[in-house]
C-alpha cells in the first residue's frame, strides 16, 4: 500500500447503470481496455517494458514496476472520483443543487469561488465529462490493479462488475444467462464491436476498488 503522501486522485467516467451498481455496493471492479495493447513476441506478451509468458492469463501491476507506472487509473491507495451525467440548479448564492441522472438524486453542494455556471451551456442534461470534482458524489479507493484478457473474466469477477444490478437493461429476452455472459453483453453495450469489442478479446486493466466517503 502506498503512503498517503503519494496518493493521487483521478477522474473516471461511469455510465448510469454502473453508477447505480456503485451506489448499491454490487460493483467493486471495473475493466478498461488498454490503449497500448501487449504484443506477442515469440512465446511472451510484451508492453511497457514488461514481459510474461503466453500461458499466463493474469498479471498483477506491482507498485514500482512498469505496468503499474503506466496504468492510467492509478495504483493501490490512489483514489478515483466518479464522473456521471448531471445537472445543477444555481441559487444565486454559494450553494447549488446537483441532480444526478443515474438515480435522479439531488444533493446540495457548495460551489467554488471561481465557478461560472454559464460555461456549461443551457442543456438540461450535462455530460459526465463535464462534472467537476467538487460536484462528484462517489469516491473510490483502488485496492488492486492487474491486466488480463477480457474474456478471462470469472463468474465472481463478473458479479463484482455489478452485472446483476443492470441485468434488466440488457437484452436477455427473459432467458437466463451466466454472469460472464451478462458481462459480455454489458461490455458490448458500452464499448461496441470495434477493436475493444468482446470478440476482439483485448487486454484490459482490471481495477478493484472500495467505496469511501467523499
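The values are calculated or read from the model by the stated rules, or taken from the named source; none is laboratory data. Treat the numbers as computed from the prediction; the structure is a model and nothing was measured. For neighbour counting, all protein chains shown are included, and Cβ atoms are generated from backbone atoms with ideal geometry for every residue, glycine included.
Observations on the structure shown:
Listed here are the residues, each with its yes/no results for (1) within 22 Å of residue 23 (Cβ to Cβ); (2) touching a residue at least 12 places away in the same chain (Cβ under 8 Å); (3) under 18 Å from the mean Cα position of the chain (by Cα).
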| site | (1), (2), (3) |
| --- | --- |
| 155 | no, yes, no |
| 158 | yes, yes, yes |
| 168 | yes, no, no |
| 176 | no, no, no |
| 179 | yes, yes, no |
| 184 | no, yes, yes |
| 188 | no, no, yes |
| 193 | no, no, no |
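- Matching residues in the stretch 8-33 - criterion: being under 16 Å from residue 73 (Cα atoms), under 13 Å from the mean Cα position of the chain (by Cα) and not in a strand (DSSP E or B): 14, 28
- Qualifying residue in the stretch 46-55 (condition: under 25 Å from residue 126 (Cβ atoms) and not in a loop (DSSP other than H, G, I, E, B)): no
- Among residues of the stretch 190-213, those that are over 26 Å from residue 70 (Cβ atoms) and surrounded by 15 or more Cβ atoms within 10 Å (Cβ to Cβ), counted: 0
- Residue match in the stretch 129-147 (condition: more than 30 Å from residue 55 (Cβ to Cβ), touching a helix residue (DSSP H, G or I) at 6+ places or on another chain (Cβ under 9 Å), at pLDDT below 95 and surrounded by fewer than 16 Cβ atoms within 10 Å (Cβ to Cβ)): yes
- Residue within the stretch 187-194 that is at pLDDT 95 or above and touching a helix residue (DSSP H, G or I) at 6+ places or on another chain (Cβ under 9 Å) present: yes
- Residues (surrounded by 11 or more Cβ atoms within 10 Å (Cβ to Cβ), farther than 20 Å from residue 16 by Cβ and at pLDDT below 70) located in the stretch 91-127: 91, 117
- Single unsatisfied condition, residue 71 versus (1) touching a residue at least 60 places away in the same chain (Cβ under 8 Å); (2) within 16 Å of residue 23 (Cα to Cα): (2)
- A single member of 69, 104 is out of contact with any strand residue (DSSP E or B) (no Cβ under 7 Å at 6 or more places or on another chain) and farther than 17 Å from residue 143 by Cα, and it is 104.
- Hits in the stretch 58-88 (condition: surrounded by fewer than 12 Cβ atoms within 10 Å (Cβ to Cβ) and either in contact with a helix residue (DSSP H, G or I) (Cβ under 8 Å, 6 or more places away or on another chain) or closer than 29 Å to residue 169 by Cβ (or both)): 72
- Screening residue 12 with (1) at pLDDT below 95; (2) outside the structural domain of residue 196 (by TED's automatic domain parsing) gives one miss only, at (1).
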